[in-house]
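The values are calculated or read from the model by the stated rules, or taken from the named source; none is laboratory data. This one's a predicted model, so the numbers in the text were calculated from it and none came from an experiment. Using ideal geometry, Cβ is built from the backbone for each residue, glycine included, and neighbour counts are taken over all protein chains shown.
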There are 2 protein chains.
Amino acid sequence: MANGKPTLRDVAAAAGVSPMTASNALHGKAGVKESTRAKVLAAAERLDYRINLTASMLKSGRSNIIHIIVNEFDSPFYSKLVQALATATTERGLTPFVEQTRYSPTAAERALTSNPFSDQLFDGEIIHASGLGTNLPLARMNSGRPLVLIDGCEETPSVDTVNFPNEEGARAAVQHLIERGCRHIAIVGGEFVPRATLAHVEHSYGLRLRGASGALLDSGLAYDESIMFYGYNSDDGIKAGHAIGDAILAARAANGVDHADEPVDGPASHHDSASASEEFPVHAETAFDGVFCANDYAAFGVIRGLKDRGLRVPDDVKVIGIDGTSFGAYSTPTLSTIQVDLDQLAQFALDMITRRIERRNAAGTGESADVSAAAPDQPVRATIGYRLMARESTAA
Amino acid sequence: MANGKPTLRDVAAAAGVSPMTASNALHGKAGVKESTRAKVLAAAERLDYRINLTASMLKSGRSNIIHIIVNEFDSPFYSKLVQALATATTERGLTPFVEQTRYSPTAAERALTSNPFSDQLFDGEIIHASGLGTNLPLARMNSGRPLVLIDGCEETPSVDTVNFPNEEGARAAVQHLIERGCRHIAIVGGEFVPRATLAHVEHSYGLRLRGASGALLDSGLAYDESIMFYGYNSDDGIKAGHAIGDAILAARAANGVDHADEPVDGPASHHDSASASEEFPVHAETAFDGVFCANDYAAFGVIRGLKDRGLRVPDDVKVIGIDGTSFGAYSTPTLSTIQVDLDQLAQFALDMITRRIERRNAAGTGESADVSAAAPDQPVRATIGYRLMARESTAA
DNA sequence: CTGAAAGCGCTAACAA
DNA sequence: TTGTTAGCGCTTTCAG
């Protein structure tokens with residue numbers, strides 16, 4: 001106290017009790033007389049006492065801090081995810097500690113392993129899987145701390161996991177395009193994966209592709225390399241939009257269409273976007289009338305890129321995304337998308353992690369009987385819900 | 001070691017030195033023989049040793065953690081700000097701890113004061129001012145810890161501050177509209193503030209308004225209550241867009257009707273948009289041809305709202321924002337804006353905070369002579385640069 | 001229901 | 001250049 005902040009000793013002294021009793025009173029532990037507790041609380045208030053968390057953590061090994069690991073802050077998807085997780089964490093009386101990996105797998109691995117905080121400072125971790133290599137021994141990497149994986153997409157989960165409705169959502173999105181009359185549908189995302197290979201995939205893009213291709217094939221539409229365009233973020237998306245637009249214009253020219261209102265630079269602009277043609281060497285001259293983007297972020301770019309080619313959304317081409325980022329409601333046109341419930345996701349993730357933390361604490365308390373009696377610690381899996389948001393970008 | 005993690009003792013023992021020497025070696029302190037250091041490092045590596053930060057912090061009182069406080073994660077502005085600050089913090093070997101207040105002033109105050117972490121766990125704090133009450137005794141609130149205020153806008157700063165170019169940026173934005181031919185310019189932001197009152201303002205919106213109104217008045221254009229519309233985020237922005245659109249349509253109708261029936265005193269204004277008329281009781285039927293939005297987030301909504309009324313941007317109305325959020329480059333139309341350099345901001349903020357931290361540490365080391373000799377600890381202020389990004393939303 | 005003793009793992013200060 | 005001593009502020013343990 002002499003030099004600065006009051007300590008627990010000071011509070012105890014002021015209340016006329018021992019430090020231990022003061023500690024128990026402040027933590028609301030049972031077995032402290034009400035009058036004693038009141039005295040302690042009053043003393044703490046009077047002295048403006050704040051617990052020293054470093055000391056508390058050092059001794060107890062618990063921090064109430066949850067480590068949240070994502071790729072970045074500044075994207076429509078991650079900013080929403082982080083907000084949902086951080087808010088849910090706070091609501092449970094825990095403290096969220098958010099770390100960004102900037103899409104570096106080594107940074108992600110370091111966050112889980114070498115980060116000196118991890119071992120002592122975090123009670124548990126929630127990590128968004130994309131960016132991690134697959135088939136990592138995650139549970140071992142973080143030395144057995146409570147861990148929840150978001151969108152891990154493992155067929156047999158090795159740790160507690162909350163998955164997005166990747167396959168179902170993508171299927172619903174493509175079906176929506178088909179119902180809106182689209183018959184030539186492009187997919188913007190990663191590489192083409194043959195249908196057979198999609199039988200066993202363990203990452204979100206593969207699952208989305210499985211859902212999307214399934215919907216196409218079910219309706220007798222094409223699913224092959226000629227409909228694939230690269231694009232994960234808005235920059236890529238613009239290029240994809242250009243490439244798709246070029247294909248459409250080329251098809252129109254080939255058909256000898258003579259729309260008066262057609263943009264002049266249109267005819268057979270054989271992939272004037274160099275980068276696009278590098279990414280995808282061969283694209284049929286297809287009059288695409290619909291685009292499914294594997295995420296919203298890319299979708300915004302695609303719409304932009306189509307516009308650059310004089311093509312209107314939804315009049316010429318309909319576009320749908322998946323994720324339900326906040327911005328889709330304000331963009332022009334508003335973006336049709338698969339809205340996933342990130343608040344539900346956050347609740348699931350926190351249910352899982354708090355359950356794991358409690359169980360671990362209980363085990364530490366020597367209630368081994370209880371633990372062995374309980375179900376073995378199998379990894380749990382949940383998949384969150386989704387809603388199709390039909391907005392302007394797919395309007396009739 | 002017995003039960004779990006290796007401790008510094010274990011490393012020291014394995015290397016055949018004392019714990020203190022091991023500590024010094026691991027921290028790269030001078031005065032350790034190279035061969036000794038190598039032995040220690042090898043032992044640490046072999047044992048997979050990780051420092052226990054809680055113990056380190058408890059003893060040393062230092063953490064290398066910087067507390068970053070913002071209103072939220074999921075907005076285009078804050079996601080970009082947080083990313084810039086977090087990245088810059090990491091680049092300097094410090095650890096960013098980001099906290100959101102959800103626009104609650106009490107949460108902000110708590111983050112600075114009662115948060116038990118604050119006192120012991122953070123070496124310094126960077127806080128985005130908006131959401132704080134003005135004229136708070138900030139320096140005292142965080143008990144003298146190193147503190148940097150972002151966009152504090154105090155006329156006489158009480159703590160180190162990095163400001164946005166609010167006034168200059170807003171002025172440039174409005175001048176740009178004028179140069180593009182706009183003569184009836186609406187402002188979307190907060191309340192109307194009379195020009196005289198703007199002489200002394202201490203928050204970013206007031207400064208933006210000062211810059212915008214200055215540009216209007218310099219060109220002989222109107223600055224009064226009739227051009228103000230409420231809107232800080234995209235939802236508000238949509239409403240503002242509706243109201244502005246209604247005013248334009250009403251003006252067009254009035255002009256059409258003017259010659260026929262109603263010679264002199266025009267019809268009382270009919271505001272068909274209920275919400276708009278609630279927010280702003282009186283809006284002249286003005287054929288607005290330009291809109292300055294006090295931030296980008298609102299601008300996206302305004303464009304959306306104008307579109308809802310059948311008005312095209314930039315053909316019918318030109319729109320400009322301020323902030324330079326990432327999304328403006330991908331939206332349709334792309335958004336003209338004042339791009340502020342958030343990376344520069346982050347560098348400034350970290351320069352200031354590390355300087356303060358170092359100075360404090362030096363003082364602790366008893367180098368009081370140095371400190372008293374140095375300049376007194378006056379708060380520093382910096383203002384970051386900006387660039388006018390003329391994009392589609394203000395195209396000729 | 002309350003208190004006394006001990007020590008978490010590290011590092012500042014000083015001694016050798 | 002290295003080692004020894006002491007203790008940061010709290011909480012676990014166990015005795016009263």
Options B:114, B:158; residue that is under 25 Å from residue B:379 (Cα atoms) and touching a helix residue (DSSP H, G or I) at 6+ places or on another chain (Cβ under 8 Å): B:158
When you scan segment B:129-146, do you find a residue that is part of a strand (DSSP E or B), more than 16 Å from DNA strand C (Cβ to nearest atom) and either of a type in the set (Phe, Trp, Tyr) or at negative phi (or both), even just one? yes
Have a look at A:197, A:161 and point out the one that is under 18 Å from the mean Cα position of the chain (by Cα) and of a type in the set (Ser, Thr, Tyr). A:161
Go through the residues of segment B:33-54 one by one and say whether even a single one is near DNA strand D (Cβ under 8 Å from one of its atoms), touching a helix residue (DSSP H, G or I) at 6+ places or on another chain (Cβ under 7 Å) and farther than 27 Å from residue A:57 by Cα. yes
Within segment A:57-78, restricting attention to residues that are free of Cβ contacts under 8 Å to residues at least 60 places away in the same chain and more than 19 Å from residue A:145 (Cα to Cα), which residue is farthest from DNA strand D (Cβ to nearest atom)? A:74
Unmet requirement for residue A:161, which otherwise passes all of (1) more than 14 Å from chain B (Cβ to nearest Cβ); (2) outside any helix (DSSP H, G or I); (3) hydroxyl-bearing (Ser, Thr, Tyr); (4) out of contact with any Lys or Arg (no Cβ under 9 Å at 6 or more places or on another chain): (4)
crowded, with 24+ Cβ neighbours inside 10 Å, touching a helix residue (DSSP H, G or I) at 6+ places or on another chain (Cβ under 9 Å), outside the structural domain of residue B:139 (by TED's automatic domain parsing) and in a strand (DSSP E or B) - does that describe any residue in segment B:217-237? yes
How many of the residues making up segment A:164-193 are assigned to a loop (DSSP other than H, G, I, E, B) and free of Cβ contacts under 8 Å to residues at least 40 places away in the same chain? 3
Yes or no: residue A:40 surrounded by 22 or more Cβ atoms within 10 Å (Cβ to Cβ) and within 16 Å of DNA strand C (Cβ to nearest atom)? yes
Suppose we keep only residues that are in a helix (DSSP H, G or I) and facing chain B (nearest Cβ under 8 Å) within segment A:88-117. Which one would you say is modelled with the highest pLDDT? A:117
When segment B:295-316 is examined, which residues are found to be of a type in the set (D, E, K, R), facing chain A (nearest Cβ under 9 Å) and out of contact with any Phe, Trp or Tyr (no Cβ under 6 Å at 6 or more places or on another chain)? B:307
So, in segment A:317-349, exactly how many residues are more than 10 Å from chain B (Cβ to nearest Cβ) and in a loop (DSSP other than H, G, I, E, B)? 6
